[in-house]
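Here is the structure we will look at, set down as structure tokens.
The values are calculated or read from the model by the stated rules, or taken from the named source; none is laboratory data. It should be emphasised that the depicted structure is a prediction, and the values quoted were computed from it without experimental measurement. With ideal geometry, Cβ positions are generated from the backbone for all residues, glycine too; neighbour counts draw on all protein chains shown. Heads up: the accessible areas ignore ligands, DNA and RNA and are worked out on the full protein's heavy atoms, side chains in. Shrake-Rupley method; radii C 1.70, N 1.55, O 1.52, S 1.80 Å.
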Amino acid sequence: MTFSKQTSLLHSKHKIDPNTGAVSVPVQHASTFDQPDIEQFGRYDYARSGNPTREALEEIIADLENGSHGFAFASGMAAISTTFMMLSSGDHLVITDDVYGGTFRLTTKVLHRQGIEHTFVDMTDPQAVEEAVQPNTKMIFMETPSNPTMKITPIKQIVDIAKKHGCLTALDNTFMTPVLQRPIDLGVDIVVHSATKFIGGHSDVVAGLAVVNDETLAGEMKFLQNSFGAILGPQDCWLIMRGLKTLHTRMEASSLSAAKLAEWLLEQPEVEHVYYPGLPEHPGYKINQEQSEGAGAVLSFRLHDKEAVRTFVQAVEIPVFAVSLGAVESILSYPPTMSHAAMSDEERDARGITDGILRLSVGLEKTEDIMKDFASAFKQIGVKEEK
Ligand SMILES: *Cc1c(COP(=O)(O)O)cnc(C)c1O
């Protein structure tokens, strides 16, 4: 029988260790494995190439994304870097314009040096994507919802364009997780994650994942994972598997809370704009509804200016003010100096990442407590402005 994602998260094929009956995947720390013969090797030889704890996580994430093969990396950026290693000098990449700051840095400062060209495109506009494709375009890289303005890419339409031009598609699914969005079902070739965020979920591990659904691509990814070597260690694999067990419950509760907060923020006079794809007035609302099972637990909102942001950040008590997202505790961050610090002022302005923008990753606190906390912080802004 096949069950829902909610149930499969708890009853994966690794729920019981066949050797001991343990209801937790054993952490195998060995770096090397004894071999039976000079020519015949066992299932595992050296832990960079294969480790049973990592393999369990890789199989679990592959199943969740409805893919055939999963790969675990030392960070989200390691997963993304390894994916980009499918490209060679002279190739061209089409990439979401308000992509995660680290991916932006990798594209502009590292890939560029390797002779890999790129074009940033507003992926809400398939026509613009079509126009950006060149004869040497080998990959289209999406991130949806985008960060921090929460723009929605019509995944299926971009996949169709890529197929027409014979290029690969990759999608950063960090914000949605396979609980809410399964890009492989929409034809995407490579799904990547910063598992540091919702998948891990507890602000205690840095990790990355990739999933493909094709034997040839899987072989290539396996080769790159082993060659580049940015694998995830066994202890961190275990932490990710533990986090995954509650992923559905966490996503459900946090998304519900985020939706309530987005509506509430709209009514606050200190808030100029709310960016959340679950709001009917969001330009990507309909597309997101069609391609995803929810709007997620991250939203952004804009205050008047940097001073208002400073006052607000100092006044709030509940969220941690930090880089990162997707944890049990709410995380408030300031994209201009945090996730998007790698962009110049002009590059940020062009993407609508203004001085007044704050991003909130909603955790598991009682929604009304966050409202109470924020309402009191908004009053502080008011006080300052009256002076
Ligand atoms: C955090 C993040 C990354 C990078 O992941 P790390 O685990 O920090 O390397 C990539 N994409 C998105 C959308 C992220 O939020």
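It is to be established whether one or more residues within the range 295-310 are farther than 30 Å from ASP185 by Cβ, open to solvent by 10 Å² or more (accessible area, probe 1.4 Å) and either of a type in the set (A, V, I, L, M, F, W, C) or within 16 Å of the ligand (Cβ to nearest atom) (or both). No, the range 295-310 has no match at all. All conditions in (1) within 16 Å of the ligand (Cβ to nearest atom); (2) open to solvent by 50 Å² or more (accessible area, probe 1.4 Å); (3) modelled with pLDDT under 95 hold for PHE120, with the sole exception of (3). Would you say LEU279 is modelled with pLDDT of 95 or more, part of a loop (DSSP other than H, G, I, E, B) and open to solvent by less than 40 Å² (accessible area, probe 1.4 Å)? Yes; evaluated as a whole, the condition is true for this residue. Suppose the filter is out of contact with any His (no Cβ under 8 Å at 6 or more places or on another chain) and part of a strand (DSSP E or B); does MET142 pass it? Considered against the rule, which asks whether it is out of contact with any His (no Cβ under 8 Å at 6 or more places or on another chain) and part of a strand (DSSP E or B), MET142 comes out as yes.
Test PHE223 against the stated conditions and say whether it is open to solvent by 50 Å² or more (accessible area, probe 1.4 Å), modelled with pLDDT of 95 or more and within 16 Å of the ligand (Cβ to nearest atom). For PHE223, the condition - open to solvent by 50 Å² or more (accessible area, probe 1.4 Å), modelled with pLDDT of 95 or more and within 16 Å of the ligand (Cβ to nearest atom) - is not met. Does ARG43 satisfy being open to solvent by 30 Å² or more (accessible area, probe 1.4 Å), farther than 24 Å from SER203 by Cα, modelled with pLDDT under 95 and assigned by TED's automatic domain parsing to the domain that holds ILE190? Spelling it out, ARG43 is indeed open to solvent by 30 Å² or more (accessible area, probe 1.4 Å), farther than 24 Å from SER203 by Cα, modelled with pLDDT under 95 and assigned by TED's automatic domain parsing to the domain that holds ILE190.
Residue by residue through the range 2-27, note down the ones that are open to solvent by 70 Å² or more (accessible area, probe 1.4 Å), in a loop (DSSP other than H, G, I, E, B) and not aliphatic (A, V, I, L, M). Within the range 2-27, THR2, PHE3, HIS11, LYS13, LYS15, PRO18, ASN19, THR20 qualify.
For the condition open to solvent by 10 Å² or more (accessible area, probe 1.4 Å), under 24 Å from SER339 (Cβ atoms) and free of Cβ contacts under 8 Å to residues at least 40 places away in the same chain, ASP160 does not qualify.
Among residues that are within 25 Å of GLY278 (Cβ to Cβ) and among the small types (Gly, Ala, Ser), ALA207 is not included. State all residues of the range 49-77 that are within 15 Å of the ligand (Cβ to nearest atom) and either under 19 Å from HIS14 (Cα atoms) or surrounded by fewer than 24 Cβ atoms within 10 Å (Cβ to Cβ) (or both); if no residue qualifies, say none. Residues satisfying the conditions are LEU57, ILE61, PHE71, ALA72, ALA74, SER75, MET77. Looking only at the range 137-194, how many residues end up being farther than 20 Å from MET85 by Cα and among the small types (Gly, Ala, Ser)? Within the range 137-194, residues that are farther than 20 Å from MET85 by Cα and among the small types (Gly, Ala, Ser) number 2. Tell me, please, whether a residue that is free of Cβ contacts under 8 Å to residues at least 60 places away in the same chain, open to solvent by 20 Å² or more (accessible area, probe 1.4 Å) and touching an Asp or Glu at 6+ places or on another chain (Cβ under 8 Å) can be found in the range 94-114. No, that holds for no residue.
Restricting to the range 180-199, and then to whatever is touching a Gly at 6+ places or on another chain (Cβ under 8 Å) and hydrophobic (A, V, I, L, M, F, W, C), can you tell me which residue is farthest from the ligand (Cβ to nearest atom)? The selected residue is ILE184.
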